[in-house]
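Worksheet for the structure shown next.
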Amino acid sequence: MQTDHQHHPDPARLGAWMEQHVPGFAGPMTITALSGGQSNPTFRLTTPAADYVLRRKPMGVLLPSAHQVDREFRVISALALTDVPVPRVYGLCTDDSVIGSMFYVMAFVPGRVFFDPRMPELPTADRAAILASMNHTIAALHRIDPQSVGLGDYGRPANYLQRQMARWSRQYRASEMAPIPAMDRLIDFLPDRLPPDGPAGIVHGDLRLDNMLIHPTEPRVVAVLDWELSTLGDPLSDFAYNAMAWRLEPEVFRGLAGVDTASLGLPDESTYTADYFALTGRVMPENWELYIVFNLFRLAAIIQGIARRAADGTASHPDAETLGRQARPIAERGWELAQRIA
C-alpha cells in the first residue's frame, strides 16, 4: 500500500494554485517528498527562482482533531514578527480538490535536523550552543502574550492539562492495538493528580530537537517546525515535554538518559531546566515530576497513533512501524516515575 509521501501532489493542479496564491511563483516545479515528518506529509517544491515547502493533511481516515494544518498555518503566520523563528508562509488551501487534502505552502528554510540529541557528529561547543538556542527559542515562545499576536482565541486555556489528558486518552484508545498495561495505569493515575494550570500561553505541543531547524553552519535555531498540536495552554507542560529527553534513553526515544552529558558538552537536566525558568521568570513547581509523567504518557499516546497508522498503511514515514513499537517502553518509563512520586 502506498504511503502519503508516495502520493505526490499533481504538479499541474498545484502549479496553477501556486500561480494564483504565491507572489513571484514561476515554474517549472519539481516535487520531492521530505522524510522525517511522522504526521503531516511534507514536500519540497523546487523552482528555478525559489524553493517552497508544502504541508498537507494525510489521505484516508484520520483520528479526531488530528492533522490540523490550518492551525499550523495560522500560528506560523501570527509568529512571523516575534522572536520565535518560523518560516514565511504564503497561503492555505482548504479545497481538497486541488491535491486531495488541505495544505499550506511556506518558504523553504535551509538547515539541519538532528534526531539524536547527543549530536555525535558535531563539535562539543556546537552541541552546547544548539541546546542553549533551543532553550532560548522555547522561552521566547512562552513569553509571548497570545493576545498581542492575534491568538487570544487560538484555544481554550482553562483546564488545559485535564483536557489534554482526556484527549490523549481518547486518541490512545482509538489507536490501541496490543494492550499496554502501563498506559492503562497512567490513564487511571493521572486525572486526579494533574497539576493546576499555570498562566496560559502559546504552546507548541511537540517541542523536540528534531522539530527545530538548525542553521546550515551555525549552532542556532533558524525555524521551529511542526505546529499542528499548538494551542493555548500551560507552557510548563510544553517545556516538560522538551525536558523529558533527559528521562528517556537514546534507544527508547531520542533521549539523553544514562548519557554522560558532561563529556559531550551538554547540560544536565537540572541546568537545562534552571536556564528555562530563569529565561521565562517562572518558578519551577514542586510537582514538576508530574509534568514529566504526563508528557511521557502523552508521547506514548502520540506514538501509538503512528503505530496505528502504520498498521493501516497510511503512515507518512517508512520507519513509522518501527517507531510505533516504542510506545510501550515510553509508557513504562512514565509508570515507573509515577510510582516513585505517588
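Odds and ends about this structure:
Every residue, every condition in (1) at pLDDT 95 or above; (2) touching a Lys or Arg at 6+ places or on another chain (Cβ under 9 Å); (3) not polar (S, T, N, Q), yes or no:
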position: M212; (1), (2), (3): yes, no, yes
position: P216; (1), (2), (3): yes, yes, yes
position: V221; (1), (2), (3): yes, no, yes
position: L229; (1), (2), (3): no, yes, yes
position: L232; (1), (2), (3): yes, yes, yes
position: A240; (1), (2), (3): yes, no, yes
position: W246; (1), (2), (3): yes, no, yes
position: V252; (1), (2), (3): no, yes, yes
position: T261; (1), (2), (3): yes, yes, no
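- R55 being within 14 Å of E228 (Cβ to Cβ), part of a strand (DSSP E or B), under 26 Å from the mean Cα position of the chain (by Cα) and modelled with pLDDT of 90 or more: yes
- Pairs meeting the criteria (first residue in region 15-37 and part of a loop (DSSP other than H, G, I, E, B), second residue surrounded by 14 or more Cβ atoms within 10 Å (Cβ to Cβ) and acidic (D, E), beta carbons under 9 Å, at least 6 apart or on different chains) are G36/D210; G37/D226.
- When residues of region 104-131 are limited to those that are over 20 Å from the mean Cα position of the chain (by Cα) and not in a loop (DSSP other than H, G, I, E, B), the one nearest to A80 (Cα to Cα): A129
- Contact map, region 181-197: residues that are in a helix (DSSP H, G or I) paired with residues that are of a type in the set (V, I, T), Cβ distance under 9 Å, separation 6+ or inter-chain. Pairs shown: A182/I330; L186/V293; F189/V293.
- Selection of first residues in region 261-273 that are of a type in the set (A, V, I, L, M, F, W, C) and of second residues that are assigned to a helix (DSSP H, G or I), restricted to Cβ pairs under 7 Å at least 6 apart or on distinct chains, gives the following pairs, ordered by first then second residue: L264/T124; L264/R127; L266/R127; L266/A128; L266/L131.
Conditions tested, residue by residue: (1) modelled with pLDDT under 95; (2) of a type in the set (D, E, K, R); (3) at negative phi; (4) crowded, with 17+ Cβ neighbours inside 10 Å.
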{"position": "Q171", "(1), (2), (3), (4)": "yes, no, yes, yes"}
{"position": "A174", "(1), (2), (3), (4)": "yes, no, yes, no"}
{"position": "A178", "(1), (2), (3), (4)": "yes, no, yes, no"}
{"position": "D188", "(1), (2), (3), (4)": "no, yes, yes, no"}
{"position": "P199", "(1), (2), (3), (4)": "yes, no, yes, no"}
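- Every residue from region 234-254 that is in a loop (DSSP other than H, G, I, E, B), among the acidic types (D, E) and touching a residue at least 60 places away in the same chain (Cβ under 8 Å): D234
- In region 132-153, the residues that are in the same structural domain as T261 (by TED's automatic domain parsing) form Cβ pairs under 6 Å with partners that are surrounded by 18 or more Cβ atoms within 10 Å (Cβ to Cβ) and among the small types (G, A, S), at six or more places apart or across chains, as follows: H142/G201; V149/A78; G150/A78; L151/A78.
- Filter result for E332 (surrounded by fewer than 23 Cβ atoms within 10 Å (Cβ to Cβ) and modelled with pLDDT of 95 or more): yes
- Qualifying residue in region 217-233 (condition: in the same structural domain as T261 (by TED's automatic domain parsing), surrounded by fewer than 23 Cβ atoms within 10 Å (Cβ to Cβ) and assigned to a helix (DSSP H, G or I)): no
- Residues that are at positive phi, part of a loop (DSSP other than H, G, I, E, B) and more than 21 Å from the chain's Cα centre (by Cα) occur in region 133-151; there is at least one.
- Condition check for I130: over 18 Å from D226 (Cα atoms) and in contact with a Cys (Cβ under 9 Å, 6 or more places away or on another chain): no
- Subset of region 153-169 (residues that are touching a strand residue (DSSP E or B) at 6+ places or on another chain (Cβ under 8 Å) and surrounded by fewer than 14 Cβ atoms within 10 Å (Cβ to Cβ)): R156
- Residue match in region 308-315 (condition: modelled with pLDDT of 90 or more and closer than 29 Å to T42 by Cα): no
- Index of the failed condition, Q326 passing every other in (1) modelled with pLDDT under 90; (2) buried (at least 21 other Cβ atoms within 10 Å of the Cβ); (3) closer than 14 Å to M183 by Cβ: (2)
The values are calculated or read from the model by the stated rules, or taken from the named source; none is laboratory data. All values reported here derive from a predicted model rather than from experimental measurement. Methodologically, a virtual Cβ is constructed for each residue, glycine included, from the backbone with ideal geometry; neighbour enumeration extends over all protein chains shown.
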